[in-house]
1. How many nm is it between the label spots at residue 22 and residue 160, if each spot is 7 Å from the Cα in line with the beta carbon?
2. In Å, the Kirkwood hydrodynamic radius of the range 262-305 over pairs of distinct alpha carbons?
3. Using only the alpha-carbon atoms, how far is helix 305-316 inclined from the longest principal axis of the chain? Give it as 0 to 90 degrees, nearest 10.
4. Taking the chain as a Gaussian network, where each spring joins two C-alpha atoms under 10 Å apart, which residue of 291, 58, 136 fluctuates the most?
5. Stretched out fully, how many nm does the piece from residue 188 to residue 146 gain, at 0.36 nm a residue minus the Cα gap?
6. Take each of the peptides 115-121, 140-146, 43-49, average the number of other beta-carbon atoms within 10 Å over its residues, and list them starting from the highest.
7. Counting other beta carbons within 10 Å of each residue's own, what order do 91, 253 fall into, fewest first?
8. Per residue and in Å³, how big is the convex hull formed by the alpha-carbon atoms of the chain?
């Protein structure tokens, strides 16, 4: 269903809208596949929800890119090789998950996606995208060879994830989130060109930061912070992880890297220990974690249980033993 509306004197960008409410329960999956093949991408959807698939999608065409706002219950979409051949599409999809949790599988790589995360991937290869709970996501669709002025066909070798759980990830995705949500809330035709230019510039920054035309100082800072925070998150269990190791990985002096962190009101060393505490906090709350508190502490990079217990109590206000017991009671 296509709609073209006006608000007062403002002309709005026409949009298509699809909903499983438009189809009988037995035909919802077939309807959803057909709708997406016509306005977005060829795929196959399935769900294990007892009530069947409930989903709604609005699609806005801005010319140089397209935006989809998708809401649904738990479901899985897959773009298999036969579907890729039957419905060829050479685009970049940038998906910002606003609500829910998901997993994305492509080219042998499985990526967990949480609310606030942004993933960027190509539609030219098969993929599987599953949502384990009610979800909402914003999807940006741009042709792979039209993002950069050079005409280069830019597709990441594997899915690119910007972690919304990291400070730097939030700094990089928040402007995109705000711009897209603001536009689809009031899709005025007179601002569509400016909106798509801003979105495309941000995608170029994320995909090829070294080639961005005029990177702003805060964007450069966020990209450096993102690299550092990613490295820290991937090496929290390594007892050798310290500020010097991060600086070496970043090919930066310790002083310059420390300044990057201090601009966000947290020293590099403090950030490492905060993240180690957060990892231990999650592990102790996990009922499947049978390791002792001491082993958990050592596994999260603490050299002694006494040091861990002291820092944990100072950060969370309870002891590790109390935290584990309270989570067990809730479970």
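Values quoted throughout were computed directly from the atomic coordinates according to the rules given, and no laboratory measurement underlies them. The structure presented is a predicted model; accordingly, all values stated were derived computationally and were not measured. Quick reminder, even Gly has a Cβ in these numbers, built from the backbone with ideal geometry, and neighbours come from all protein chains shown.
1. Taking the simple label geometry, residue 22 and residue 160 are separated by 3.3 nm.
2. Answer for the range 262-305: a Kirkwood hydrodynamic radius of 11.3 Å.
3. 50 degrees
4. Maximum fluctuation in the GNM of the chain, among the listed residues, is at 291.
5. 12.8 nm
6. Put in order of decreasing packing, that is 115-121, 140-146, 43-49.
7. Final ranking by Cβ density, sparse to dense: 253, 91.
8. For the chain, the hull spanned by Cα atoms encloses 175 Å³ per residue.
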